[in-house]
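Enquirer: Structure incoming, see below.
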Amino acid sequence: MGFNKDFLWGGATAANQSEGGYNADGRGLANVDVVPIGEDRYPIITGQMKHLDFDEDHFYPAKEAIDMYHHYKEDIALFGEMGFKSYRFSLAWTRIFPKGDEAEPNEAGLQFYDNLIDECLKYGIEPIVTITHFDMPIYLIKEYGGWRSRKVVDFYKNLVTVLFNRYKGKVKYWITFNEINMLLHAPFMGAGLVFEEGENEEQVKYTAAHHELVASALATKIAHEVDPENKVGCMIAAGQYYPNTPNPADVRQAQVDNQENYFFIDVQSRGEYPNYALKRLFNEGIEIPFEEGDKELLKEHTVDYITFSYYSSRVSAAQEGQEKAGGNIFDSIKNPYLEESEWGWQIDPIGFRITINELYDRYQKPLFVVENGLGAVDTPRADGSIVDDYRIDYLKQHIEAMKEAVDEDGVELLGYTTWGCIDLVSASTGEMKKRYGFIYVNRDNEGNGTMARSKKKSFDWYKQVIASNGEKV
Ligand code: BGP
């Protein structure tokens, strides 16, 4: 009973939220480098800025992040000390193809990932590589309009072909797009979309979605051709929608919201557009830009495993007017049965078990939890120590729920990587002060701080969780 002996405990980060070094060694500028903190952020990540005049010289925390570009050895040594079996990170597209459409990759950028991967392997840590995590070269956005252009599928194909060949035998677990469903909620982050005045935004989003789905299937095909040992996964921001009441109209609304969320994996895992999506898009006058061969490609190259992030469940209602839950890019009504984080994210470990079961029932493929955690303000004490019992408490409850899903529901789980195992820049707010880590990084929202790393109380706690294979939480 309990977790498999080779269960992949670990942590997760993303390039743009951790690496910094935004212009080092030939790296190009990416969408996520130029998104500000504060009230201007939301219109930009949702593609509503209506122009492309980024202030490229301005200070944004993501440009320097936690400077993992220069600290990776120290950071991976700390992951090794915690006993990590896996480390999920993403590759910055612009380090490898600075503009995105070049014929040849940037060797210096690739060398950074050679070193990072070798460093993981040195500690027996399995690299779990996200190919794109909310990042895209600015050049592709300006020249091609981001993922609305079919040409971007070819550029992505070049990228993955380089990666699968270069890391053959070293990296086995790949994820094509981080939280692919985020494209519908934060289209600038998810697909490099900036909407034109008056255009049909839904049409543009589903066009981009189709291109990402085709690119993902193509990547799966190439990964398997290059090395049959490769495992390719999809990834969604999961979190079951509950009906606000047993009123059938609310139950129906929750069903619709869940379908919208599962739409992407339905295609990536089952290999075809589900009927509910085909009908709904048709009825709304949205055309899916199928090209010859797309349907076969999607059908023949489905993913090997399903990955997801889980922070919270959500609530749906047929009628407007209920109090909203705060802080989320996803729309949700407040659930009176749940407590919430400092950012208004509702805390629901039972919802984690429910979500895991839904995903497993729906797809019958191995699952991998690649993000879960609590974003909180950590205040160092006078001696510098950080006693993050709130984080331990959150993770403990979620690990216990995950264990029940394995032990009592029989779900097949490959691993669990907590989000932001080392403090990093927040995706939704751009802040440093929203921290998830077991490792504290001395750095603030304004870019001050020594970048020094230190262990929080949760560091030793997680070490013991891993050492006991989840028995001692
Ligand atoms: C997910 C993203 C991550 C991450 C996390 C926490 O949506 O995949 O990039 O940041 O959420 O969110 P936040 O940083 O907004 O607290």
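Every read-out reported here was derived from the displayed coordinates using simple, explicitly stated rules and does not represent laboratory data. Treat the numbers as computed from the prediction; the structure is a model and nothing was measured. Cβ sites come from the backbone with ideal geometry, for glycine too, and all protein chains shown count toward neighbours.
Enquirer: If you average the sequence gap of Cα pairs under 8 Å that are 6 or more apart and divide by the length of region 1-143, what percent do you get for the contact order?
Expert: With pairs under 8 Å counted, the relative contact order is 36 percent.
Enquirer: Hey, got the dipole for region 8-467? About the Cα centre, +1 on K and R Cβ, -1 on D and E Cβ, debye to the nearest 20?
Expert: 860
Enquirer: Cross-link list 73/299; 5/170; 151/434: which exceed 29 angstrom alpha carbon to alpha carbon?
Expert: 73/299; 151/434
Enquirer: How large is ³J(HN,Hα) for each residue in region 83-100, as worked out from phi by the Karplus curve 6.51 cos²θ - 1.76 cosθ + 1.60 (θ = phi - 60°), to whole Hz, x for Gly and Pro?
Expert: x, 3, 9, 8, 9, 9, 9, 10, 9, 7, 3, 6, 6, 8, 10, x, 9, x
Enquirer: Still on this structure, please answer the following. What net charge is computed for the residues neighbouring residue 284, neighbours being all others with C-beta under 14 Å from the C-beta of residue 284, Lys and Arg scored +1, Asp and Glu -1?
Expert: Residues close to residue 284 contribute a combined charge of -1.
Enquirer: Can you list the HN-Hα couplings for region 33-43, worked out from phi with the Karplus curve (6.51, -1.76, 1.60; θ = phi - 60°), rounded to whole Hz and with x for Gly and Pro?
Expert: Values per residue, Gly and Pro as x: 6, 10, 9, x, 7, x, 5, 6, 5, 4, x Hz.
Enquirer: Also, quick follow-up: Counting DSSP beta bridges with both partners in the chain, what percentage is antiparallel, nearest 5?
Expert: Of those bridges, close to 20 percent are antiparallel.
Enquirer: Where the centroid of each part is defined by its Cα atoms, how far is region 96-161 from region 407-444 in Å?
Expert: 22
Enquirer: Which far-off residues, 5 or more places away or on another chain, put their amide H under 5 Å from the one on residue 346, with H placed in the peptide plane?
Expert: Residues meeting the amide H criterion: 341.
Enquirer: List the GluC sites (Glu not before Pro) within region 292-352 that fall in a DSSP loop (any state other than H, G, I, E or B) and whose Cβ has at most 11 other Cβ atoms within 10 Å.
Expert: 292, 320, 323
Enquirer: Next question. Kindly put 9, 419 in sequence by how many other C-beta atoms sit within 10 Å of each C-beta, fewest to most.
Expert: Neighbour counts put them in this order, fewest first: 9, 419.
Enquirer: What FRET efficiency comes out for the pair residue 201/residue 446, r = Cβ-Cβ distance, R0 = 22 Å, nearest 0.05?
Expert: So the FRET efficiency works out to roughly 0.05.
Enquirer: Which of rounded, prolate or oblate describes region 141-201 when judged by the alpha-carbon gyration tensor and an a/c cut-off of 1.5?
Expert: Taking the square roots of the gyration eigenvalues as a ≥ b ≥ c, region 141-201 is oblate.
Enquirer: Over the chain, what is the mean sequence separation of C-alpha contacts under 8 Å (at least six apart), divided by residue count, expressed as relative contact order in percent?
Expert: It comes to 18 percent, rounded to a whole number.
Enquirer: Enumerate the calculated ³J(HN,Hα) couplings along region 221-233 in order (Karplus 6.51 cos²θ - 1.76 cosθ + 1.60, θ = phi - 60°), each rounded to whole Hz, writing x wherever the residue is Gly or Pro.
Expert: Result, rounded to whole Hz: 4, 5, 4, 6, 5, 5, 7, x, 6, 4, 10, 10, x.
Enquirer: Is the C-alpha gyration tensor of the chain telling us rounded, prolate or oblate? Criteria: a/c under 1.5 is rounded; beyond that, a/b larger than b/c is prolate, otherwise oblate.
Expert: Verdict is rounded for the chain.
Enquirer: Are there GluC sites (Glu not before Pro) in region 70-124 that DSSP marks as loop and that have at most 15 other Cβ atoms within 10 Å, and which are they?
Expert: Counting only loop positions with at most 15 other Cβ atoms within 10 Å, the GluC sites (Glu not before Pro) in region 70-124 are 102.
Enquirer: Roughly speaking, what is the stretch gain from residue 361 to residue 102, that is 0.36 nm per residue apart minus the C-alpha to C-alpha distance, in nm to one decimal?
Expert: Working it through step by step, the gained length comes to 89.0 nm.
Enquirer: Which of rounded, prolate or oblate describes region 52-112 when judged by the alpha-carbon gyration tensor and an a/c cut-off of 1.5?
Expert: It is oblate, given that a/c is not under 1.5 and a/b is not larger than b/c.
Enquirer: Okay, moving on. Quick one: net charge of residue 461's neighbours, Cβ under 13 Å, K/R +1, D/E -1?
Expert: Net charge in that neighbourhood comes out at +3.
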